[in-house]
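Asker: Questions regarding the structure given below will be posed in turn.
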Amino acid sequence: IAEGSILCRELVSAPANIVTPAMLARIATSVADESDGSIETNILEKSECEALGMGAYLSVSKASALPPKFIHMIYKSKSNKYNQESVRKVAVIGKGVTFDSGGYNIKSGPFSLIELMKFDMGGAASVLGCAKAVSLLKPKDVEVHFVVAACENMISGTGLHPGDIVQASNGTTIEVNNTDAEGRLTLADALVYAGDQGVTEIVDVATLTGACIVALGDDIGGLFTPSDRLAGAIEDASRSSGELIHRMPLHKNYMEQMKSNVADLKNAGKGAAGSITAALFLNEFVKDGIEWAHLDIAGPVWNAKKEEATGFGVSTLVEWILQAHDGQSK
């Protein structure tokens with residue numbers, strides 16, 4: 001677990017001109033190459049994502065000179081092939097925006113933290129760190145899908161405009177009323193993709209909202225899920241890891257903020273309860289029958305006093321996967 005946490009911290013602390021979408025893809029491939037065959041990696045290029053209809057994810061990357069990289073890693077223990085019926089299939093998804101300018105809704109002002117937006121791939125780093133740890137621990141009878149939709153959110157003549165309508169891979173149309181609410185667009189297509197892999201549980205990890213920092217501060221991650229069982233499993237994992245999380249409400253009435261007159265959804269609400277509306281938006285892209293949880297780690301991803309990444313999320317994800325292996329979360 002320590003090796004995974006170190007990898008996560010190094011990735012988040014590194015500048016955005018070093019940790020690009022292509023670099024994340026190379027790290028994923030390297031983790032797989034060092035896994036003794038327990039992890040295989042598939043990197044989907046832009047054309048492949050287009051073929052899958054990932055219009056939400058690809059809309060975020062349009063302004064960047066760097067091509068997007070959609071990362072899919074699959075962990076299978078060597079025992080899986082002998083006992084397929086008992087194999088638990090789960091997915092972890094990490095937000096992988098390697099730099100977030102805000103797009104045309106540009107981050108501005110002294111408190112925008114634009115100079116720190118290298119850490120907007122903190123969720124992806126947690127997932128890659130988790131994959132590293134899992135490859136070393138090699139839990140039995142569990143199949144884990146690690147998914148990262150990596151890209152930059154930049155500004156150029158080819159970029160996403162406020163007011164544009166994009167279509168996610170499940171056919172849902174989205175009115176983009178805020179280009180700085182981009183992470184949920186990438187996660188939307190990642191959730192649909194993960195749901196097509198035959199998993200029964202999905203946990204996504206993202207530096208998603210400043211609203212979660214307002215609610216919980218810099219030390220505590222926000223947990224959002226409609227599943228009491230999955231919430232309990234993740235809370236148990238966080239207690240084992242020592243990472244602080246707090247379950248937040250998914251108040252369905254707030255979904256009214258996300259309704260659009262010209263599309264199925266808007267990508268941002270009206271300001272109030274911003275972390276809740278973001279989670280409610282994500283829930284729209286989870287397939288029926290799959291238990292899902294969202295971890296908003298915008299606060300604890302970074303230690304402002306030490307000016308360095310914390311590695312937050314890796315330990316909790318690994319402990320949760322080990323629970324799945326042990327059968328404790330069934």
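Asker: To the nearest 500 deg cm²/dmol, what mean residue ellipticity at 222 nm is calculated for the chain from DSSP H runs of n ≥ 4 alone, each contributing -39,500 (n - 2.57), summed and divided by the residues?
Answerer: -10000 deg cm²/dmol
Asker: Mind pulling up the Rg/Rh value for the chain? Radius of gyration and Kirkwood radius, both on Cα.
Answerer: Rg divided by Rh gives 0.93.
Asker: Cut-off under 20 Å on the C-alpha distance; same-chain residues fewer than 8 positions from residue 305 excluded. Which aspartates and glutamates are left, in chain and number order?
Answerer: Answer for residue 305, where 20 Å is the Cα cut-off: 10, 115, 120, 218, 219, 243, listed by chain and number.
Asker: For the pair residue 108/residue 250, report the inter-label distance in nm, with labels modelled 7 Å from Cα in the Cβ direction.
Answerer: 3.6 nm
Asker: In whole angstrom, how far apart do the alpha carbon centroids of segment 59-74 and segment 252-330 sit?
Answerer: A separation of 20 Å, based on Cα centres.
Asker: Towards the positive end of the charge dipole of the chain, with charges on Cβ (+1 Lys, Arg; -1 Asp, Glu), say which of 185, 209, 2 has the farthest Cα.
Answerer: Value computed over the given set: 2.
Asker: Any lysines with Cα under 30 Å of the residue 306 Cα? List them, leaving off those in the same chain fewer than 8 positions away.
Answerer: Partners found: 95, 107, 118, 132.
Asker: Summarise the accessible area of segment 207-330 (1.4 Å probe, protein heavy atoms) by the percent that is carbon and sulfur.
Answerer: So the carbon and sulfur contribution to the accessible surface is 45 percent.
Asker: Rounded to the nearest 20 debye, what is the charge dipole size of segment 126-274 about its Cα centre when +1 sits on each Lys and Arg Cβ and -1 on each Asp and Glu Cβ?
Answerer: The dipole of segment 126-274 has a size of about 180 debye.
Asker: Determine, for each peptide in 133-145, 251-263, the mean count of other beta carbons within 10 angstrom over its residues, then list the peptides with the highest first. Each step should come with its number before you reach the end.
Answerer: On the way: 133-145: 20.0, 251-263: 13.5.
Peptide ranking by packing, descending: 133-145, 251-263.
Asker: Moving to a separate point now. Which three lengths, in whole Å and largest first, does segment 183-330 cover when its Cα atoms are put on their principal axes?
Answerer: 45, 41, 23
The values are calculated or read from the model by the stated rules, or taken from the named source; none is laboratory data. Just so you know, these numbers come straight off a predicted model, no measurement behind them. Methodologically, a virtual Cβ is constructed for each residue, glycine included, from the backbone with ideal geometry; neighbour enumeration extends over all protein chains shown. Calculation scope for accessible area: heavy atoms of the full protein, side chains included, ligands and nucleic acids excluded. Shrake-Rupley method; radii C 1.70, N 1.55, O 1.52, S 1.80 Å.
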